[in-house]
Amino acid sequence: MADNTQTLKDMAEDFGGADAKYVVTQSGNTWILNSTDGTGERFLYIDSKGDYQVLNADQVRRSYITNAGGTAGIDALRTKLYKANYMNETEFKLKDATAFNRAIIDAARNVSVEAVTNYTDMATPLTQSFDSWLNKRVAMAGSSGQPDSGINLTTRMETNQDIDEFFTEYLGRKATEAEKTDYYNKVNAEEKKAVRTVKVVGGKQVSTGEQLDATDYYRIRASVLAPVVKGTAIEDITKGNGKIAQDVAELKAFAADYGVKLDTKQALDRVIGGLKPGGALTTGKLDAEKTSIREMSKAFYGKLAPLIDQGVKISDIANQFAYYKGQMLELPDTAVSVFDEDIQAALKNDGKDGVMSLTDYQKFLRTNPKTKSVWLKTKGAKEEAAGYANAILKTFGLMG
């Protein structure tokens, strides 16, 4: 914009809604402020009053150099860019002009993206000047190559992206504004505590303390997600296509294959138990939970433990009994499951070695009070009864 008196209305026109002139987009691994008319990347020039102009790269570079004012001001700007880690030590000491210009563009890119993201996410007016923003970055980063605090806070834009991706992966939806704020606050709070101090001892730099690593950020994301999951109806979590829903379905199917009953709540509790670094959700394989289920299966079906160790599923054996039960009782294929009480009786075969033989199973179905009445009504039973009757009649010479 050409004028220097921006209002919330101007910001809304420039950055808000479907008709925004400029939006934050990703270009490779970099976030930029992009024009929606196809003319490319844009930068904010924000003066000491907090008023802004939207410029191209060369314009914003020239504006910040002019704003620095003279050799002393330019040297001060170069020093700040160096201390904020936009230039390395060699570039700074040699007063490398190319590196200096690049550093201004990089810093302007970051302040532009952060300012617009804060406005679109939290309606925060663009009032922080470039100089004020850069001073904060210097305070966070410390003097490069000198004793410093080593604090490097993640921006709101970055935390929003991280938690959105995490929630989309696990719940099948993006994070709410409240969840984004929760994650941002937790990340920055821990980053401030995880200070890496660099001291000069005997002419050498010595680092103490640890900064956050990928495991820490995963833990923080999980701490935001876990209470959300616990406070959401099970059906709302498991009906989606997020990783949690997929893992719950996978675990229930796996348990059924091994003859272990696992309802949705039990499966969800097991899945959420892996919501930690190194847990089941990290790998998506649920290996630990599956091992536990196999051990339970071996306890339930002790006679089949050697087969389970060889990779045989309880469902592989149960399906054979289900087939013959369906055939004998003339039931549809889908009417018999591994948890059917007759199949469970055949698998456990109390008091005898191994599972029931097919002959014993057929006899069991014919004599078991719960299935005998069903079997007697089948076509096969009637034909068998008719065959017996004919044989008796032949025996007494009443049929030829």
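The values are calculated or read from the model by the stated rules, or taken from the named source; none is laboratory data. Quick caveat: nothing in here was measured; it's all calculated off a predicted structure. Note that each Cβ is placed from the backbone with ideal geometry, even for glycine, and that neighbours are counted across all protein chains shown.
Please go through the range 103-131 and pick out each residue that is of a type in the set (S, T, N, Q) and modelled with pLDDT under 80.
At the first step, the residues of the range 103-131 found to be of a type in the set (S, T, N, Q) are 110, 112, 117-118, 120, 124, 127-129.
Listed by number, the residues that qualify are N118, T120, T124, T127, Q128, S129.
What residue, of D350, D340, is over 20 Å from L262 (Cα atoms) and without any contact (Cβ under 8 Å) to a residue 24 or more places away in the chain?
Working: D340 fails: over 20 Å from L262 (Cα atoms).
One residue alone meets the criteria, D350.
All but one of (1) closer than 24 Å to D47 by Cβ; (2) at pLDDT 85 or above; (3) buried (at least 16 other Cβ atoms within 10 Å of the Cβ) hold for M157; state the number of the condition that does not hold.
(2)
Could you look through the range 24-79, keep only residues that are touching a residue at least 60 places away in the same chain (Cβ under 8 Å) and basic (K, R), and pick out the one that is surrounded by the most Cβ atoms within 10 Å (Cβ to Cβ)?
R42
Which residues, counting only those in the range 74-93, are out of contact with any Ser or Thr (no Cβ under 7 Å at 6 or more places or on another chain), outside any loop (DSSP other than H, G, I, E, B) and not acidic (D, E)? Don't jump to the end; show me each part of the working.
Here is the first cut: in the range 74-93, the residues out of contact with any Ser or Thr (no Cβ under 7 Å at 6 or more places or on another chain) are 74-81, 84, 86-88, 90-93.
Among the residues that remain, those that are also outside any loop (DSSP other than H, G, I, E, B) are: 74-81, 90-93.
Scanning the range 74-93 gives I74, A76, L77, R78, T79, K80, L81, T90, F92, K93.
From the list E383, E341, which one is surrounded by fewer than 11 Cβ atoms within 10 Å (Cβ to Cβ), modelled with pLDDT under 85 and not assigned by TED's automatic domain parsing to the domain that holds Y258? Please lay out each step first, then the result.
Values: E341 fails: modelled with pLDDT under 85.
Criteria check complete, one pass: E383.
Take the residues of the range 248-269 that are surrounded by fewer than 15 Cβ atoms within 10 Å (Cβ to Cβ) and either of a type in the set (A, V, I, L, M, F, W, C) or touching a residue at least 24 places away in the same chain (Cβ under 8 Å) (or both): which is farthest from L171 (Cα to Cα)?
Restricting to residues being surrounded by fewer than 15 Cβ atoms within 10 Å (Cβ to Cβ) and either of a type in the set (A, V, I, L, M, F, W, C) or touching a residue at least 24 places away in the same chain (Cβ under 8 Å) (or both), the top hit is K261.
Return the residues of the range 94-138 that are outside any helix (DSSP H, G or I) and closer than 20 Å to W31 by Cβ; say none if nothing qualifies. Show your work before the answer.
As a first pass, look at the range 94-138 and keep what is outside any helix (DSSP H, G or I): 94-96, 123-129.
Result: A123, T124, L126, Q128.
Hey, among Y361, Y301, which residue is surrounded by 12 or more Cβ atoms within 10 Å (Cβ to Cβ) and over 26 Å from D263 (Cα atoms)? Steps first, answer last, please.
Working: Y301 fails: over 26 Å from D263 (Cα atoms).
Just one listed residue meets the conditions, Y361.
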